[in-house]
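Enquirer: Mind looking over this structure? Questions follow.
The values are calculated or read from the model by the stated rules, or taken from the named source; none is laboratory data. Keep in mind that what you see is a predicted model, and the values were worked out from it rather than measured. Methodologically, a virtual Cβ is constructed for each residue, glycine included, from the backbone with ideal geometry; neighbour enumeration extends over all protein chains shown. Only protein heavy atoms, including side chains, enter the accessible area calculation; ligands, DNA and RNA are left aside. Shrake-Rupley method; radii C 1.70, N 1.55, O 1.52, S 1.80 Å.
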Amino acid sequence: MEKIKDIFRNNIRQYAMLIALVFIMILFEILTSGVLLKAQNVTNLIMQNAYVLILAMGMTLCILTGGNIDLSVGSLVAFIGALIGTFIVTMHINIVLAIFMVLLIGVAVGIWQGFWIAYVRIPAFIVTLAGMLVFRGLTTTILQGQTIALPDKFDKIGAGFIPDIISGSKLNILTLVVAAIISVIYIFLQLKKRSNRKGYGFEVPNSALFIVQLVLVVVAILLIAYSLASYSGIPIVLVIIGALALIYSFVTTKTVPGRQIYAMGGNEKAAKLSGIKTNKVLFLVYVNMAVISAIAGIVFSARIASASPLAGQNFELDAIAACFIGGASATGGIGTVIGAIIGALVMGVLNNGMSILGVGSDWQQTIKGLVLLLAVAFDVLSKKK
Amino acid sequence: MKERPNLLIKDISVGKQQLVEIAKALAKEVKLLILDEPTAALNEEESNNLLNLLLELKKDGITSILISHKLSEVSRVADTITIIRDGATIETLTKGIDDIGEDRIIKGMVGRELVDRFPKRTPKIGDISFEVKDWNVYDPLVDGRKLIKNVSMNIRRGEVVGISGLMGAGRTEFAMSVFGRSYGKHITGTIIKDGKEVTLHNAKQAIDNGIAYVTEDRKSAGLILIDDIKWNTSLSSLDKISKNQVINDNKEIYAVEEYRKKLNIKSSSILQKVGNLSGGNQQKVVLSKWIMSEPDILILDEPTRGIDVGAKYEIYTIINQLADQGKSIIFISSELPEILGMCDRIYVMNEGRIVGELNRDEASQENIMKCIMKSNKEAV
């Protein structure tokens with residue numbers, strides 16, 4: 001029991017945010033008389049917020065290294081969109097090749113910004129503020145102020161669905177099959193982890209609690225799957241988000257580079273003296289952030305079906321807010337990818353729910369701002385206790 | 001204090017930072033002055049000056065509360081001494097009525113009489129394992145200022161070698177520059193480990209070559225206070241508990257738990273944040289971290305600073321055990337009794353030079369000070 005309390009205490013912020021998310025969802029479900037969780041709206045919610053979810057994962061790593069943020073991601077999203085538009089529409093380059101090219105350009109941008117931040121040690125805030133201006137400017141130059149419409153084939157990435165295996169059925173079969181497989185894999189991994197820990201002679205949470213946890217997660221997976229299945233199935237962006245979430249959770253929690261990022265944010269001097277090459281870590285984190293921005297740029301331009309010079313405005317702030325709502329510390333070393341995802345969903349549900357209710361965007365912003373402040377205030381106060 | 005007044009505080013040594021702190025406190029007109037380990041980072045002479053200052057202040061009617069682990073200071077200046085252990089007041093001794101000698105205070109602190117302040121060890125000294133030759137280091141901030149001048153030293157397997165010297169003698173700068181050039185610039189000299197010359201460009205290479213460095217300031221450079229014991233302990237040994245960069249959780253817990261038990265780290269579990277541990281237990285976490293990296297050479301920079309007598313004894317015991325396992329220990333300390341009690345051989349450092357080398361039987365406080373004085377005279 002002590003152990004459980006310990007785990008709970010250590011993760012209180014994340015549980016609190018998860019509970020808050022569930023609470024907000026129930027609240028809006030009631031207020032919108034059931035529209036929020038309607039199949040079509042769930043799908044919408046995912047597609048609308050894909051860019052924040054993706055950017056927040058990369059931003060988490062930046063913040064973890066010591067409260068560094070990246071202000072250039074919004075402009076980068078627009079810049080990548082502009083390049084995609086130019087490559088595909090103006091230059092008639094094959095879509096796959098064009099995507100590959102913009103990802104490489106993302107790497108190059110990351111190397112550029114990472115170099116100034118990690119090796120010259122100019123504060124990330126300043127380097128990325130410069131990046132924000134530079135890439136917005138370049139976007140406008142490339143597009144010459146015009147919006148380019150993107151072809152349908154490309155737009156599928158942002159707005160398409162994975163085709164079903166059997167056509168004609170009312171529910172999307174593939175979605176249900178995938179959900180079943182994911183549930184089985186999840187249960188299998190949890191059981192394996194448990195027996196592994198037992199093998200080493202460690203304490204494990206008691207079996208009743210363990211079963212409750214398994215049931216809750218599986219029910220959540222199946223509910224979401226059912227909802228998606230009764231509309232059009234699995235959105236392609238969901239696959240992208242899912243894959244990124246898996247990769248980044250794994251890297252941050254289970255690998256040496258992940259541990260090094262946390263250590264650097266916790267105390268850079270100590271990390272350095274413990275043999276961690278902190279400059280390299282910081283550099284790679286910013287290269288990664290630029291690549292993530294490129295992915296978000298692809299997904300977002302596909303969703304709006306065009307490359308626009310005005311795309312991506314304030315995206316950096318949404319991503320940063322998602323991380324902080326999700327429990328990241330402004331000084332670094334604390335925060336999780338899952339937390340950032342929850343944070344992004346909290347904001348997404350708020351946006352979506354208020355839109356359905358017809359709340360104006362002026363009030364939406366005010367409320368989101370207050371939510372951010374409250375979430376962080378809760379964090380600070382709960383630590384003081 | 002001999003420093004340029006416009007130098008930033010973060011760029012001067014801990015000892016000098018302490019002096020600035022005290023000057024700041026004295027600048028306000030105080031009635032009651034509370035000093036928490038004011039001399040922890042000071043050398044004997046500076047400490048003496050500070051204590052005399054307290055006696056002066058007493059004459060002016062200023063009350064001082066001195067919190068200190070250095071018992072000699074307490075018995076020297078205090079009128080009453082209150083001993084606190086595990087968060088409770090044990091007893092209050094008054095000068096003139098009770099015995100306020102060091103042994104009496106220790107008895108109150110540990111709850112029993114500590115016969116020996118330093119655990120006994122029969123040294124089993126082997127071949128030379130580590131050598132530094134003609135080591136020169138320049139100040140990274142002030143151009144052209146040489147901090148370490150032609151230092152050469154060696155250490156054998158199973159040997160505890162002390163580096164003694166006054167604050168600012170360059171001991172920490174020397175140790176850190178040897179440890180993968182973590183300090184200073186234009187570093188020249190050779191490092192020979194087990195008969196082979198090695199080049200260490202960063203801390204990682206130093207660790208891979210079996211060298212460990214326990215920092216002088218554990219809070220700012222040794223530990224990640226917001227992380228737990230587990231993460232702190234395994235930080236410099238991540239390669240050992242991972243395969244293809246993926247950490248084996250169970251292996252990690254297993255290893256860290258073992259060190260927690262072995263070093264008797266008082267904590268609720270390995271998931272406790274190190275920021276919430278006492279100084280002595282924090283230091284044990286730092287030691288676990290470096291023992292886990294399985295070094296051959298351990299450089300300990302002020303390993304017992306600011307920790308209580310009981311924990312000190314435990315740390316001395318750990319050091320002795322490591323030496324018995326054939327590891328070479330370089331022991332840097334400002335406390336002469338500690339250097340004398342623990343080391344098989346002592347290098348005396350002053351103004352960036354080695355100014356004396358003393359064996360255990362010829363080492364004494366007087367001889368160490370003599371080496372320093374002699375070199376000062378030569379310099380003039």
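Enquirer: Looking at A:Ile292 and the list (1) within 14 Å of chain B (Cβ to nearest Cβ); (2) assigned to a helix (DSSP H, G or I), which single condition is not satisfied?
Expert: So A:Ile292 meets the others, but not (1).
Enquirer: Moving on. Among the residues of segment A:268-286, is there at least one that is at the interface with another protein chain (Cβ under 8 Å from one of its Cβ atoms), among the small types (Gly, Ala, Ser) and in a helix (DSSP H, G or I)?
Expert: yes
Enquirer: Let me ask you something else. Restricting attention to segment B:196-211, report how many residues are facing chain A (nearest Cβ under 10 Å) and of a type outside the set (Lys, Arg).
Expert: Number of matching residues: 6.
Enquirer: Sticking with this one: Residue check: is B:Asp134 open to solvent by 50 Å² or more (accessible area, probe 1.4 Å), assigned to a strand (DSSP E or B) and not assigned by TED's automatic domain parsing to the domain that holds B:Leu50?
Expert: The answer is yes for B:Asp134.
Enquirer: Out of the residues in segment A:264-315 that are surrounded by fewer than 24 Cβ atoms within 10 Å (Cβ to Cβ) and of a type in the set (S, T, N, Q), which is nearest to the chain's Cα centre (by Cα)?
Expert: A:Asn288
Enquirer: With A:Thr175, A:Thr128 as the choices, which residue is farther than 17 Å from A:Pro235 by Cα, open to solvent by less than 50 Å² (accessible area, probe 1.4 Å) and either of a type in the set (Val, Ile, Thr) or in a strand (DSSP E or B) (or both)?
Expert: Testing whether each residue is farther than 17 Å from A:Pro235 by Cα, open to solvent by less than 50 Å² (accessible area, probe 1.4 Å) and either of a type in the set (Val, Ile, Thr) or in a strand (DSSP E or B) (or both) leaves just A:Thr128.
Enquirer: Taking the options B:Lys193, B:Lys149, name whichever one is open to solvent by less than 70 Å² (accessible area, probe 1.4 Å) and either more than 30 Å from B:Pro5 (Cβ to Cβ) or within 14 Å of chain A (Cβ to nearest Cβ) (or both).
Expert: The unique qualifying residue is B:Lys193.
Enquirer: For segment A:51-82, give me each residue that is modelled with pLDDT of 95 or more and among the small types (Gly, Ala, Ser).
Expert: Matches in segment A:51-82: A:Ala56, A:Gly58, A:Ser72, A:Gly74, A:Ser75, A:Ala78, A:Gly81, A:Ala82.
Enquirer: For segment A:210-263, which residues satisfy the criterion of being within 20 Å of A:Ser169 (Cα to Cα) and either open to solvent by 50 Å² or more (accessible area, probe 1.4 Å) or among the small types (Gly, Ala, Ser) (or both)?
Expert: If the condition is that a residue be within 20 Å of A:Ser169 (Cα to Cα) and either open to solvent by 50 Å² or more (accessible area, probe 1.4 Å) or among the small types (Gly, Ala, Ser) (or both), then A:Leu222, A:Leu223, A:Ile224, A:Ala225, A:Tyr226, A:Ser227, A:Ala229, A:Ser230, A:Tyr231, A:Ser232, A:Gly233 are the ones that fit.
Enquirer: Return a yes/no flag: does segment B:168-180 have any residue that is within 13 Å of chain A (Cβ to nearest Cβ), among the small types (Gly, Ala, Ser), open to solvent by 10 Å² or more (accessible area, probe 1.4 Å) and not in a loop (DSSP other than H, G, I, E, B).
Expert: Scanning segment B:168-180, I find no residue that is within 13 Å of chain A (Cβ to nearest Cβ), among the small types (Gly, Ala, Ser), open to solvent by 10 Å² or more (accessible area, probe 1.4 Å) and not in a loop (DSSP other than H, G, I, E, B), so the answer is no.
Enquirer: Right, another one. When you go through A:Ile334, A:Ile356 one by one, which is the residue that is assigned by TED's automatic domain parsing to the domain that holds A:Met264 and farther than 12 Å from A:Ile63 by Cα?
Expert: Step by step, each of A:Ile334, A:Ile356 is checked, and only A:Ile356 is assigned by TED's automatic domain parsing to the domain that holds A:Met264 and farther than 12 Å from A:Ile63 by Cα.
Enquirer: May I pose another question? Given the options A:Val299, A:Val285, name the one that is among the β-branched types (Val, Ile, Thr) and more than 23 Å from A:Leu150 (Cβ to Cβ).
Expert: A:Val285
Enquirer: What are the residues in segment A:131-145 that are touching a residue at least 12 places away in the same chain (Cβ under 8 Å) and either aliphatic (A, V, I, L, M) or not in a helix (DSSP H, G or I) (or both), if any?
Expert: Residues satisfying the conditions are A:Met132, A:Leu133, A:Val134, A:Leu138, A:Ile142, A:Leu143, A:Gly145.
Enquirer: Also: Please specify each residue of segment A:56-87 satisfying the condition of being farther than 17 Å from A:Phe283 by Cα and touching a Phe, Trp or Tyr at 6+ places or on another chain (Cβ under 6 Å).
Expert: A:Gly74, A:Ser75, A:Leu76, A:Val77, A:Phe79 - these are the residues of segment A:56-87 that are farther than 17 Å from A:Phe283 by Cα and touching a Phe, Trp or Tyr at 6+ places or on another chain (Cβ under 6 Å).
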